[in-house]
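A.B. asks: Have a look at this one before I ask anything.
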Amino acid sequence: MLPAANALDKLKEHPVLRHLSLDGVVTFTRLASHLKRDILQPQPIPQSNPSIPPAVLPLPIMNFLGASLGMSTDDIDDCWDILQDYVWEIPVVPLSSTDFHLFKQFGWPCGLTAISIYPPDDCCMNINCPNNQPLKKEYHKKAVVYTIDSGVQPAWNTSLYCPKCHTSYHNNYSVSKGLRTYYPGLPKLIQVGEHQFVETRVANHWRALMLYGWFSASNASRLFKSTMTDGDYFQPYEWGLSDTLTTNHVWDSFVILSLPSKRKIIITCI
Ligand SMILES: [Zn+2]
């Protein structure tokens with residue numbers, strides 16, 4: 001990792017960035033590091049190596065970071081030049097409550113959310129497919145995510161398509177020739193509806209309540225609504241999706257959690 005003094009020296013030489021506070025630098029790196037997949041996906045293939053930061057940020061991300069930090073997109077571009085290696089190397093740091101409100105105020109209108117849902121890999125995972133390039137044909141759907149720390153969160157759910165073997169890749173499964181194949185292992189998010197995802201930690205919590213507390217699925221849903229949601233933060237009309245957690249969502253998470261996690265599960269799509 002680069003010595004911090006190198007980056008700080010470059011910031012000091014910049015006519016505008018020299019006035020950026022330490023909190024501003026940390027906020028820039030924390031927000032940008034959360035958006036790595038959103039930064040990488042729109043890049044041309046030569047700029048899509050996940051181990052190297054791309055030279056240029058996509059415009060929606062420059063707009064979001066600029067609005068969040070009160071800086072012009074030109075200055076955000078310069079800040080990215082200086083801090084991109086650091087952003088790319090640091091582990092993702094949890095967002096603060098202020099960050100979530102920055103996403104709500106400046107990110108949602110740009111098509112950016114605090115939670116982005118992607119397949120685990122940006123390349124085709126079919127070992128018989130000759131395509132080894134990053135997949136750039138993508139589809140986006142709006143989603144809501146039920147989380148343990150930040151309630152109901154809006155999200156963009158991105159799926160990728162391989163034009164060579166015609167496989168589509170989703171958050172926790174792929175689809176090819178009418179077969180849905182769940183990836184081995186438990187994902188961080190479990191899809192429980194067309195537009196609904198649940199954090200695996202939340203699903204585990206519900207399962208424990210059912211096993212040890214004799215909770216019904218409807219009571220698990222009521223408990224989430226009364227203790228883990230912030231009605232002022234997520235308004236369904238602002239995102240176009242309901243935040244209602246149904247008993248079917250709870251039961252679907254229970255079923256997915258019950259799938260064997262160490263091998264692929266194949267289900268025929270109807
Ligand atoms: Zn393929």
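The values are calculated or read from the model by the stated rules, or taken from the named source; none is laboratory data. On a predicted model such as this, the values are computed, not experimentally measured, just so you know. All Cβ positions, even for glycine, are placed from backbone atoms using ideal geometry, and neighbour counts span all protein chains on display. Just so you know, the surface numbers come from the protein's heavy atoms only, side chains and all, with ligands and any DNA or RNA stripped out. Shrake-Rupley method; radii C 1.70, N 1.55, O 1.52, S 1.80 Å.
A.B. asks: Quick one: if the Förster radius is 45 Å, what FRET efficiency do ASN6 and HIS166 give, using the C-beta to C-beta distance and rounding to 0.05?
C.D. replies: 0.45
A.B. asks: Continuing with the same structure: Provide the per residue accessible area, probe 1.4 Å, for segment 114-270, rounded to a whole number of square angstrom. Please report the intermediate quantities before stating the final value.
C.D. replies: Details: 8490 Å² over 157 residues.
Dividing the accessible area of segment 114-270 by its residue count gives 54 Å².
A.B. asks: Can you figure out the FRET efficiency of GLN47 with ARG201, using R₀ = 45 Å and their beta-carbon distance, to the nearest 0.05?
C.D. replies: About 0.85, to the nearest 0.05.
A.B. asks: Rolling a 1.4 angstrom probe over the protein heavy atoms, how many square angstrom per residue are accessible across segment 1-112? Let's see the in-between values first.
C.D. replies: Numbers: 5710 Å² over 112 residues.
Dividing the accessible area of segment 1-112 by its residue count gives 51 Å².
A.B. asks: Still on this structure, please answer the following. In debye to the nearest 20, how big a dipole does segment 1-112 give about its Cα centre with +1 on each Lys and Arg Cβ and -1 on each Asp and Glu Cβ? Intermediate values should be presented prior to the final figure.
C.D. replies: Details: 7 positive and 12 negative charges, 60 e Å.
Approximately 280 debye in magnitude.
A.B. asks: Straight distance only, please: which aspartates and glutamates reach the Cα of LYS104 with their own Cα at less than 15 Å, same-chain residues fewer than 8 apart left out?
C.D. replies: ASP230, ASP232, GLU238
A.B. asks: State the extension gain, in nm to one decimal, for the chain segment bounded by ARG37 and LEU257, taking 0.36 nm per residue of separation less the distance between their alpha-carbons.
C.D. replies: Numbers: separation 220, 0.36 × 220 = 79.20 nm, distance 2.57 nm.
Between ARG37 and LEU257, full extension yields an extra 76.6 nm.
A.B. asks: Let me have the 222 nm mean residue ellipticity of the chain computed from DSSP H runs of 4+ only, each contributing -39500 (n - 2.57), with the sum over all residues rounded to the nearest 500. Write out the running numbers ahead of the final one.
C.D. replies: Numbers: 10 runs with 103 residues, N = 270.
The helix-only estimate for the chain comes to -11500 deg cm²/dmol at 222 nm.
A.B. asks: Counting only DSSP beta bridges with both residues in the chain, what percent are antiparallel, rounded to the nearest 5?
C.D. replies: Numbers: 26 of 32 bridges.
The antiparallel proportion sits near 80 percent.
A.B. asks: For TYR161, list long-range residues whose amide hydrogen, built 1.01 Å from N in the peptide plane, is under 5 Å from its own amide hydrogen.
C.D. replies: Here the answer is LYS137, TYR169, since their amide H atoms fall under 5 Å of that of TYR161.
A.B. asks: For the chain, find the longest principal axis of its Cα atoms and tell me its angle to the long axis of helix 59-69, 0 to 90°, nearest 10.
C.D. replies: Taking the Cα atoms of the chain, the angle to 59-69 is about 70 degrees.
A.B. asks: For the chain, what does the convex hull of the Cα positions come to per residue, in cubic angstrom?
C.D. replies: Taking only Cα atoms, the chain has a hull volume of 149 Å³ per residue.
A.B. asks: Something else about it: Return the carbon/sulfur percentage of the accessible area of segment 1-145, one whole number, probe 1.4 Å, all protein chains in place. Please list the in-between numbers first.
C.D. replies: On the way: 4220 of 7440 Å².
About 57 percent, which is the carbon plus sulfur part of the accessible surface.
A.B. asks: Give the peptides 237-246, 74-83 in descending order of average Cβ contacts within 10 Å, highest first.
C.D. replies: Per-residue Cβ counts within 10 Å, averaged per peptide and sorted highest first, yield 74-83, 237-246.
A.B. asks: Okay, next question. Mind scanning LYS142/LYS164; LYS137/LYS164; LYS136/LYS164 and naming the pairs with a C-alpha gap bigger than 18 Å? Can you show the working numbers first?
C.D. replies: Details: LYS142/LYS164 27 Å; LYS137/LYS164 11 Å; LYS136/LYS164 12 Å.
Exceeds cut-off: LYS142/LYS164.
A.B. asks: How much length would be gained if the chain were fully extended between HIS14 and ILE148, taking 0.36 nm per residue of separation minus their Cα-Cα distance, in nm to one decimal?
C.D. replies: Working: separation 134, 0.36 × 134 = 48.24 nm, distance 4.09 nm.
Here the answer is 44.2 nm.
A.B. asks: Still on this structure, I have one more. In percent, what relative contact order does the chain have, based on Cα pairs under 8 Å that are 6 or more apart in sequence?
C.D. replies: Numbers: 376 pairs, mean separation 39.0, N = 270.
So the answer I get is 14 percent.
A.B. asks: Quick one: angle between helix 4-13 and the longest Cα principal axis of the chain, in degrees between 0 and 90, rounded to 10, please.
C.D. replies: Compared with the principal axis, the helix lies near 50 degrees.
A.B. asks: First measure r as the distance between the Cβ atoms of VAL56 and TRP214, then evaluate 1/(1 + (r/R0)^6) with R0 = 45 Å and state the FRET efficiency to the nearest 0.05.
C.D. replies: Working: r = 55 Å, r/R0 = 1.23.
Efficiency computed from Cβ-Cβ geometry: 0.20.
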